[in-house]
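Chemist: There's a structure below that I have some questions on.
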Amino acid sequence: MNNKYEQIFQSFAFPSGVEVKNRIMIAPMTTYSSQDNGELSEQELAYYKERSGGVGAFITACAYVSLDGKGFPGQFSVDDDIFIPRLNKLAKTIQSNGTKAILQIYHGGRQSPPTLLPDQQPVSASAIAADREGAPVPREMTEVEIQNTIKAFGEATRRAIEAGFDGVELHGANTYLLQQFFSPHSNRREDQWGGSLEKRMQFPLAVVNSVKKAVAEHAKTPFIVGYRISPEEGTNPGITLEDTLQFVDKLADQALDYLHVSVMHFWNGSFREKNESQSRIIKVYEKVGSRVPILGVGSLHSPEEVVEALETGVPLIALGREMLMEPKWIEKVEAGQEDQIRTTLSKKDQKELVIPDPLWDRLINVKGWLPVED
């Protein structure tokens, strides 16, 4: 291994006490490949196995915590104990060579397609459709539904513990339900769950509390709890960077193991405020990085780029698209073979890359997300 990459391979201990063997985590990426009933498929297990072993931790695709929160065709479930045996197989698959397994848990809210829901009616903080053509108008959640959803995240965490995972990540990013309660676009409530910035924080903070309570009651060994955020929204009204900096200040008080800042490019500044050119990840790190570890992500392809990001002080880096194209990214860097890391996707490589058919079809057909060669 080239000495200049040593920082990548330093171990890291989370506040909970869980230790990972290096600073690289695999970012959560939807596979669209589970059974219709929410059970993991064999193709998915093979996909996870191919990418495990080298990295410090693997964050799974998001699993829905209740049936009214399913957001994708082929998404897997953590909403019932019947899924625990299959989830246990996923955890063991990831952990087989020392990689920690983190289950991302989620509710789609108004982003859930009606056709995937039992009553074909998405729910959200308020009855406000997403800002896209043809988006369905969700039904505003009742107090009972809010409390049931908070409880569902706790129950999902219990199942993750019983299935043998090393942690969970709460998906509070990418315009899904936790973000919908925080957003002034999707949350127009006038009760305890909406209105002021502080009140819009209450639902995600209640979910964090439910998850932490489940860990305290059920985990017999240290267990990771992470939270993923999107720092801004493009809608007007929408989440601003200043909103997020106030929110992460509250999240940093919750004894979390990390905050995962979801952006497309690690170094990009605000897209709402053109005069804010500093990396949003760095702004979050400067605000709360001394109190909670920050997980950075976004268009870091080469080991040189990863080291440059780590040198900012951000302690952990997630790789997503890079691990689709190169499952052995970390192993090749460690072996001094970084010049052999794939940087494009060939249409002939599906079998070698162990990518499930539904995910492969999307990768090939969605232009611009990955560099695809014939």
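The values are calculated or read from the model by the stated rules, or taken from the named source; none is laboratory data. Source: prediction; values computed, not measured. Cβ: placed from backbone, ideal geometry, glycine included. Neighbour counts: every protein chain shown. Protein only, heavy atoms only, side chains kept; ligands, DNA and RNA dropped before computing areas. Shrake-Rupley method; radii C 1.70, N 1.55, O 1.52, S 1.80 Å.
Chemist: If you project the alpha carbons of region 274-357 onto their three principal axes, what span does each projection cover, largest first, in Å?
Modeler: Between the extreme Cα coordinates on each principal axis of region 274-357 lie 44, 30, 22 Å.
Chemist: With a 1.4 Å probe and all protein chains in place, put ASP357, ASP243, ASP257 in order of accessible area, largest first.
Modeler: Largest accessible area first, the list is ASP357, ASP243, ASP257.
Chemist: Compute and list, largest first, the equivalent-ellipsoid semi-axes of region 213-292 from the alpha carbon gyration tensor, each √(5λ) rounded to a whole angstrom.
Modeler: Semi-axes (√(5λ), whole Å): 28, 13, 11.
Chemist: Separate question: Under the rule a/c < 1.5 gives rounded, and otherwise a/b versus b/c splits prolate from oblate, where does region 139-192 land using the Cα gyration tensor?
Modeler: The shape class here is oblate.
Chemist: Taking region 104-166, which GluC sites (Glu not before Pro) meet the DSSP loop condition and have no more than 10 other C-beta atoms within 10 Å?
Modeler: Here the sparse-neighbourhood loop sites are GLU133.
Chemist: Let me know the volume per residue of the alpha-carbon convex hull for region 61-106, in Å³.
Modeler: 69 Å³
Chemist: Cut-off under 15 Å on the C-alpha distance; same-chain residues fewer than 8 positions from LYS89 excluded. Which aspartates and glutamates are left, in chain and number order?
Modeler: GLU39, GLU42, GLU44, GLU50, ASP81, GLU162, ASP166
Chemist: Is the C-alpha gyration tensor of region 313-353 telling us rounded, prolate or oblate? Criteria: a/c under 1.5 is rounded; beyond that, a/b larger than b/c is prolate, otherwise oblate.
Modeler: Note, shape of region 313-353 comes out oblate.
Chemist: Next up: Which FRET efficiency value, to the nearest 0.05, is calculated for GLN337 and LYS199 with the Förster distance at 51 angstrom and r the Cβ-Cβ distance? Let's see the in-between values first.
Modeler: Values: r = 52 Å, r/R0 = 1.03.
The value I calculate is 0.45.
Chemist: Quick one: Debye curve from the C-alpha atoms of region 12-91, no solvent, what's log10 I(q)/I(0) at q = 0.13, 0.19, 0.22 Å⁻¹?
Modeler: -0.45, -0.86, -1.04
Chemist: For a label point 7 angstrom out from the Cα of ASN37 toward its Cβ, which stretches of region 79-117 have the backbone nitrogen within less than 20 Å?
Modeler: Answer for region 79-117: 79-91, 116-117.
Chemist: Could you name the lysines whose alpha carbon sits less than 21 Å from that of LYS212, not counting residues in the same chain fewer than 8 places away?
Modeler: By straight Cα distance, LYS212 reaches LYS100, LYS151, LYS199, LYS220, LYS250.
Chemist: What is region 1-115's relative contact order, in percent, from Cα pairs under 8 angstrom and six or more apart in sequence? Could you put the intermediate results ahead of the total?
Modeler: Numbers: 210 pairs, mean separation 32.4, N = 115.
Reported relative contact order: 28 percent.
Chemist: Ignoring trypsin sites (Lys or Arg not before Pro) that are buried or in helix or strand per DSSP, and keeping those with at most 12 other beta carbon atoms within 10 Å, what is the longest stretch of the chain between them?
Modeler: For trypsin sites (Lys or Arg not before Pro) (loop position, at most 12 other Cβ atoms within 10 Å), the longest site-free span of the chain is 1-131.
Chemist: When only C-alpha pairs under 8 Å and at least 6 residues apart count, what is the relative contact order of region 310-354, in percent?
Modeler: Values: 22 pairs, mean separation 15.3, N = 45.
Relative contact order of region 310-354: 34 percent.
Chemist: Can you give the convex hull volume of the alpha carbon atoms of region 162-278 per residue, in Å³?
Modeler: Given the Cα convex hull of region 162-278, per-residue volume reads 115 Å³.
Chemist: When the scattering of the chain is computed by the Debye formula from its Cα atoms alone, each counted once and equally, what is log10 I(q)/I(0) at q = 0.06, 0.08, 0.10, 0.11 Å⁻¹?
Modeler: -0.20, -0.37, -0.59, -0.73
Chemist: Filter the GluC sites (Glu not before Pro) in region 25-103 down to the DSSP loop ones having no more than 15 other Cβ atoms within 10 Å, then list what survives.
Modeler: GLU39
Chemist: Out of region 298-372, which GluC sites (Glu not before Pro) are coil in DSSP terms and have no more than 15 other C-beta atoms within 10 Å?
Modeler: Passing sites in region 298-372 are GLU311.
Chemist: Which helices pass in the chain if a helix is a full DSSP H run, must span at least 20 angstrom along its long axis by Cα, and must have mean Kyte-Doolittle hydropathy not below -1.0? Walk me through the intermediate numbers first.
Modeler: Values: long enough: 143-162 (29 Å, -0.49); 202-218 (24 Å, 0.29).
Qualifying helices: 143-162, 202-218.
Chemist: Can you tell me which aspartates and glutamates have their Cα less than 15 Å from the Cα of LYS347? Leave out same-chain residues fewer than eight positions away.
Modeler: GLU326, ASP357, ASP361, GLU373, ASP374
Chemist: For the chain, what is the relative contact order in percent, using Cα pairs closer than 8 Å and at least 6 residues apart in sequence?
Modeler: Relative contact order, the chain: 17 percent.
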